[in-house]
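Below is one structure; the comments refer to it alone.
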Amino acid sequence: MLAALPAPDDRAAKEDVPPGFTCRIGSDRLATVREYGPVLFPAADRLYLEGLGSWEIADARSGVVLERFELGTVTAGVSPSGTCAAVVEGDELALVRMPGREPISRRQFPSGADKDVLPADDCSAALQRQGFGRACVSLFGDALQSEGELCAGMELRASALSGDGRRVALAPSRMGESDYQGDGIHVFDRSSRAEIAFLKRRGEHLGEVDLSRDGGLVAFIDGDQLRIAAVPSGAATSSFTLPAGTTARKLVFSPSGKRLGLLLERSQAAWEFGLVILDVAAGQPLFTQWGLPYPGHVAFSPDETRVAHAVHSGVRVVDAVTGEDRAVPGRLFKIESAALSPAGDRAVLSSAGHLSIWDTRDCSRVATFPNVPALLELTVLADGTSAMGLDQGTLYRVDLRTGARTSAKIGSPSDWTVSPDGRHAVLGLMGEGRQQTVTVLETASMKEVRRTEIPGIGSIEELIFSPDGKSLHAVAPGGLAHGDSPTGDTSVIEIDPTTGAPGQRFTIAGVSQVYLGAALEQGRVLVVNSALIDRRTRKELPRIGPSLRAVASDHATALWELDNGVFAWPTDQPLPASPVVGPLLHPWATVGRDAVLQCNNQSCLVTRVAAR
């Protein structure tokens with residue numbers, strides 16, 4: 001039984017690698033166009049993945065995309081078995097039979113209604129929430145003809161439609177002006193709108209609800225209990241006590257009603273999510289997995305042996321009994337941050353559940369450690385044995401040999417960097433009276449060394465070290481005439497790296513937003529966005545064609561973008577007149593001396609840089 005996300009490995013790196021790249025870490029297979037879109041499992045060998053009206057058909061075992069198609073502008077909902085989709089096209093709502101994409105019916109989208117629509121499996125009926133704070137759902141029959149509404153209490157918490165379209169379950173969250181507890185689960189016959197079952201609440205509140213495909217079972221959250229009962233008799237089938245401190249987000253019956261998928265969330269050291277697959281008759285979990293990135297839609301395979309569920313911007317397919325990955329094993333999920341060692345020989349990735357280290361020569365895994373909390377803004381120190389990252393006002397240092405962490409509470413820096421030798425972390429922070437400060441920490445002890453106040457500037461957006469560590473510049477919206485109103489110029493303040501004393505200050509006209517900076521040619525030239533400044537004369541130099549994309553953690557190598565490609569170049573050398581440009585495919589890019597790393601949410605591509 002797999003109790004958490006499996007550690008990523010190099011199996012996914014065997015996939016096809018685009019031209020111009022050395023190897024891949026992770027996988028782009030079973031990626032979704034948007035986060036948390038619907039997932040259909042209509043056949044043993046097929047998955048349908050949706051995002052904002054764009055669909056992919058993938059092989060359920062290999063994850064290879066077989067087809068792409070468009071269906072409406074957004075998907076409002078899918079039926080329990082995935083055989084009917086409700087799609088929005090302009091101002092119309094349409095029901096489409098899946099997987100054949102056969103249009104069944106359409107109507108004007110009801111104004112003011114909730115965008116979530118739940119159709120029956122044969123597209124003969126649908127249910128639509130009426131919006132936040134409402135107590136009713138709208139019913140639609142054949143050809144999406146209105147059939148009135150069903151209501152319970154004063155406000156609904158959840159609702160469900162059985163796959164055959166015959167029954168509707170409503171879970172109220174409020175019964176009156178001062179009664180914020182639903183009375184119980186109301187189950188109705190859709191055609192007659194008669195209430196056929198009522199299950200009284202026993203716990204403090206009601207939560208999610210679902211009906212089996214034939215409407216013969218109802219599952220619902222009642223306080224800290226998941227209760228499953230027969231309909232219409234109300235006889236208890238089983239129950240399951242939720243783990244302490246958890247909240248249930250979704251319930252999904254398998255096709256036969258013998259299994260139930262349950263998505264959970266809890267807040268401990270960090271916010272995390274879990275998946276439970278229950279045996280309905282026994283009320284016992286077949287497996288429980290925690291440490292998932294935000295999970296969305298859940299779908300069982302037709303034979304109920306596998307479960308597909310959305311995870312952030314991808315989809316997992318797992319064994320319904322063991323929880324083991326059954327498609328594209330070894331993948332990464334929800335990459336939060338990535339960094340290269342200064343030499344470029346190691347890549348460090350912060351992803352859901354794991355902090356992993358990889359050899360960039362062949363994308364083989366070197367080590368994996370727990371990643372709670374998941375670190376952001378990773379950087380690798382000069383010796384390559386430690387990395388640093390942020391999480392909610394805390395700066396962490398991680399030993400890449402053991403995974404051990406030390407930390408310091410630092411607040412929320414507007415920018416931070418490390419010295420070229422890796423001995424110090426430098427942070428731009430807001431002090432008392434909104435005064436901007438440059439704060440220096442010793443990375444070995446994570447103790448504050450000094451703090452320098454910089455008056456008369458906005459938040460420090462960039463800290464620039466020269467590669468030799470002898471100069472440090474803070475860059476911020478500056479020239480503040482009064483209060484927090486910038487003049488539109490950018491201030492550049494030189495700071496002594498040894499004493500912290502502020503030195504010369506000058507402005508760059510018209511560069512009011514600062515994102516990237518670097519020091520070139522032994523610190524003689526500063527790059528601030530697209531502006532180049534001679535440090536000695538403080539005059540702007542003619543602008544160049546390439547634009548700065550990233551700087552290595554030792555400040556010795558910079559990544560430049562040119563003509564929709566990238567190239568790496570040492571910061572101590574003038575930029576070449578005709579650089580050799582490599583491909584740029586992913587939005588996040590970082591650089592080391594011998595490698596370039598490009599990442600999206602699920603995978604990273606490595607380009608090894610030839611010696612210059």
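The values are calculated or read from the model by the stated rules, or taken from the named source; none is laboratory data. As the structure is a computational prediction, the values presented were derived from the model and not from experiment. In this analysis, Cβ positions are derived from the backbone assuming ideal geometry, glycine residues included, and neighbour counts consider all displayed protein chains. Note: areas computed on protein heavy atoms with side chains; ligands, DNA, RNA excluded. Shrake-Rupley method; radii C 1.70, N 1.55, O 1.52, S 1.80 Å.
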Checklist entry - Residue-wise, which Karplus ³J(HN,Hα) couplings in Hz belong to the stretch 422-427, taking 6.51 cos²θ - 1.76 cosθ + 1.60, θ = phi - 60°, and x for glycine or proline? => result x, 7, 9, 10, 10, 10
Next on the checklist: Modelling each spin label as a point 7 Å along the Cα-to-Cβ direction, I'd like the LYS470/VAL580 distance in nm, to one decimal.
Outcome noted: 3.3 nm
Item to check | Separation of the MET430 and THR499 label points, Cα + 7 Å toward Cβ, nm | outcome: 3.1 nm
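In the stretch 78-186, which chymotrypsin sites (Phe, Trp or Tyr not before Pro) fall in coil by DSSP and have 15 or fewer other Cβ atoms within 10 Å? Mind showing how you got there, number by number?
Values: sites: PHE132, PHE140, TYR180; in loops: PHE132, TYR180.
Counting only loop positions with at most 15 other Cβ atoms within 10 Å, the chymotrypsin sites (Phe, Trp or Tyr not before Pro) in the stretch 78-186 are PHE132, TYR180.
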Checklist entry - What does the charge dipole of the chain about its Cα centre add up to, to the nearest 20 debye, if the Cβ of each Lys and Arg holds +1 and the Cβ of each Asp and Glu holds -1? => result 600 debye
Item to check | Heavy-atom accessible surface of the stretch 90-216: percent carbon and sulfur, 1.4 Å | outcome: 44 percent
Checklist entry - Which of the residue pairs LYS250/LYS409; LYS470/LYS539; LYS447/LYS539; LYS334/LYS470; LYS200/LYS250 have a Cα-Cα distance greater than 31 Å in the structure shown? => result LYS250/LYS409; LYS447/LYS539; LYS334/LYS470
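Using a Förster distance of 22 angstrom, determine the FRET efficiency expected from the C-beta separation of HIS205 and ALA244, and round it to 0.05. Could you put the intermediate results ahead of the total?
Details: r = 16 Å, r/R0 = 0.73.
Given R0 = 22 Å and the Cβ-Cβ separation, E is 0.85.
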Checklist entry - Using 1/(1 + (r/R0)^6) with R0 = 51 angstrom and r between the beta carbons of GLU540 and ALA281, what's the FRET efficiency to the nearest 0.05? => result 0.10
Item to check | Net charge, ARG405 excluded, C-beta distance under 10 Å - Lys, Arg +1, Asp, Glu -1 | outcome: 0
Checklist entry - Roughly how much of THR499 is accessible, in Å² to the nearest 10, using a 1.4 Å probe? => result 90 Å²
Checklist entry - Along the charge dipole of the chain, Cβ charges K/R +1 and D/E -1, which of SER146, ILE410, HIS424 sits furthest on the positive end? => result HIS424
Item to check | Two-decimal log10 I(q)/I(0) for the chain, as the Debye equation yields it once each C-alpha is a single scatterer, q = 0.06 Å⁻¹ | outcome: -0.41
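With every protein chain left in place, what is the accessible area per residue of the chain in square angstrom, probe 1.4 Å? Intermediate values should be presented prior to the final figure.
On the way: 24620 Å² over 612 residues.
Counting only protein heavy atoms, the per-residue value for the chain is 40 Å².
Let me check I've understood the local charge: for LEU390, count other residues with C-beta under 13 angstrom from its C-beta, Lys and Arg +1, Asp and Glu -1. What total comes out?
On the way: positive: ARG397, ARG405, LYS409; negative: GLU336, GLU377, ASP391, ASP415.
Around LEU390, the charge tally is -1.
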Checklist entry - Using 7 Å Cα-to-Cβ label points, what is the SER445/VAL321 separation (nm, one decimal)? => result 5.8 nm
Item to check | Built amide H within the under 5 Å cut-off of ALA343, gap 5+ | outcome: ARG593
